[in-house]
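I have placed the structure first, in the form of structure tokens, so that the comments after it can refer back to it.
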Amino acid sequence: MKPFQSMPWHALIWRQWQQQIQDQQLPHALLLTGLAGLGKRTLARALAYFVLCTNHQGQQSCGHCRSCHFIEAGFHPDLLILEPEAEGKAIRVDQVREMTTQMQKSAQQGGYKVVLIWPAEALNINAANALLKTLEEPEPLTQFILVSDQPSSLPATLRSRCQIWPIAPPSLEQGEAWLKHQLSEEQQPQVLLKAAGGRPLAALKLATPEAEERRHLLGQVMESLVRGVNPIEQAAKLKNLPLPALLNSLQSWLADSLRFGLLGETSVQDTRQLPLYRQLYQLLGPRSLLNLEQELQAMHHQLHTNPNVDLFLESLL
């Protein structure tokens, strides 16, 4: 079994963590921040597995000890992942309380207990307050690793209890080199990496058949709206799409439409959608595009309130 590793562009942060661990100065709570698609969860897992591993091989988990075999099997008694029960839902206070109860027990493997929390911004206010109390008085040998795409959505008191580690995108060369090992040339890794804003894991998702099907469907709906087709009729076509992914795609397209109109074709990220950008900019202009993008940002926050999908989509379109 191979050891669990971080991504190449995480190397500097990984070395800094290793030094902290060697000096016994790794904080009990870390908050990893940055755009989606940079491998924050992969990095968090790698650290969790390293902390739990009982037979480190240099700066990596060994992949062979009892703890690593537990992880490979998909369950480790001293590792807890706190996440919403469904995408777009909130992390509830009873989930945090249950986690706190488990963390108060002795580690079954005799070492660390690790809690991974993602996306941390999904914590509702009661859950965040309950977690804050736990972070203020942590149990011995307990490691918390929070992951957030939107750290500003977290209470300042919660952020202050964590050491914050911003995750930056790789260089273009580094991102392309990694992505070319994951995709074929026919899949156009360079085009996908640019479409994903330089985020390699986001680019990898764009290459899936599901993402391509979603892009075509959403593109057809947007073109219908431009032609003046009834938005309510079009909303029904999007009912099976994940709402967070739908909002992200629309925001990206609106931003690209602005870039197209103000800076030209070479400035856009997703060159596959140029005809749509041209239509949107000619129809709406920069001010309306910017206002729409801001409205979509506000709609992201509605996802945590368990909205009615039909009404949400109709309002969106």
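The values are calculated or read from the model by the stated rules, or taken from the named source; none is laboratory data. Bear in mind the structure is a predicted one, so any value in this text is a computation, not a measurement. Cβ coordinates were reconstructed from backbone atoms using ideal geometry, including for glycine residues, and neighbour counts include every protein chain displayed. When the accessible area is computed, the model is the full protein with side chains, heavy atoms only, and any ligands, DNA or RNA have been set aside. Shrake-Rupley method; radii C 1.70, N 1.55, O 1.52, S 1.80 Å.
What the table below lists for this structure:
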| item | result |
| --- | --- |
| Segment 116-190, Cα convex hull volume normalised per residue, Å³ | 133 |
| Largest to smallest accessible area among LEU218, LEU317 [probe 1.4 Å] | LEU317, LEU218 |
| Nearest-10 value in Å² for the accessible area of HIS64, using the 1.4 Å probe | 120 |
| Of all DSSP beta bridges in segment 24-151, antiparallel share, percent nearest 5 | 5 |
| ILE81 long-range amide H proximity, modeled H, under 5 Å | LEU116 |
| Residues in segment 1-33 that a label on GLU139 would reach, taking backbone N under 18 Å of a point 7 Å out along Cα→Cβ | 28-30 |
| Which of ARG272, ARG278, ARG227 is most accessible, then next, and so on - probe 1.4 Å | ARG227, ARG278, ARG272 |
| Under 5 Å, built H, 5+ apart or other chain: amide partners of PHE144 | ALA29, LEU30, VAL115 |
| Rounded tilt (10° steps) of 274-302 against the dominant C-alpha axis of the chain | 40 |
| Accessible surface, per residue, of segment 1-116 when the full set of protein chains is kept, probe 1.4 Å, Å² | 51 |
| Highest-MSF residue in the chain out of LEU238, LEU262, LEU132 [GNM, Cα springs under 10 Å] | LEU262 |
| For segment 164-308, alpha-carbon Rg and Dmax in angstrom | 16.1, 47 |
| Area of LEU123 that stays accessible when all protein chains are in place (1.4 Å probe, Å², to 10) | 20 |
| Whole-Å distance, taken between Cα centres, linking segment 180-235 and segment 42-100 | 32 |
| GLN163 versus ARG227: modelled label distance in nm, points set 7 Å from Cα along the beta carbon direction | 5.8 |
| Gyration tensor (Cα) of segment 26-132, equivalent ellipsoid semi-axes in angstrom | 25, 17, 12 |
| Cα centre as origin, Lys/Arg/Asp/Glu Cβ charges: the chain dipole, Debye | 360 |
| Surface share of carbon and sulfur [accessible, 1.4 angstrom probe, percent] for segment 172-287 | 53 |
| Computed lengthening from GLN279 to ILE21, 0.36 nm per intervening residue step minus Cα-Cα distance | 87.5 nm |
| The chain: translational diffusion in µm²/s, Stokes-Einstein, Kirkwood Rh over Cα pairs, 25 °C, 0.890 mPa s | 114 |
| Share, in percent, of DSSP beta bridges within the chain that are antiparallel, nearest 5 | 5 |
| FRET efficiency estimate (nearest 0.05) - Cβ-Cβ, THR100 to GLN57, R0 51 angstrom | 0.95 |
| Nearest-0.05 FRET efficiency for VAL309 and SER171, computed from C-beta distance (R0 51 Å) | 0.80 |
| Per residue, in Å², the accessible surface of segment 165-284 once ligands and nucleic acids are set aside, probe 1.4 Å | 53 |
| Residues of type lysines that LYS113 reaches as a straight line, Cα spacing below 23 Å, ignoring anything fewer than 8 places off in the same chain | LYS2, LYS40, LYS105, LYS133 |
| Estimated dipole of segment 1-132 in Debye, rounded to 20 [Cβ of Lys and Arg +1, of Asp and Glu -1, Cα centre] | 200 |
| All aspartates and glutamates inside 16 Å of LYS239 as judged from Cα atoms, apart from same-chain residues fewer than 8 positions distant | GLU87, GLU210, GLU213, ASP310, GLU314 |
| GLU185 versus ILE81: modelled label distance in nm, points set 7 Å from Cα along the beta carbon direction | 3.6 |
| Modelled FRET efficiency - R0 22 Å, GLN297 with LEU35, Cβ distances, 0.05 increments | 0.95 |
| With every protein chain in place, segment 34-91: carbon and sulfur % of accessible area (1.4 Å) | 49 |
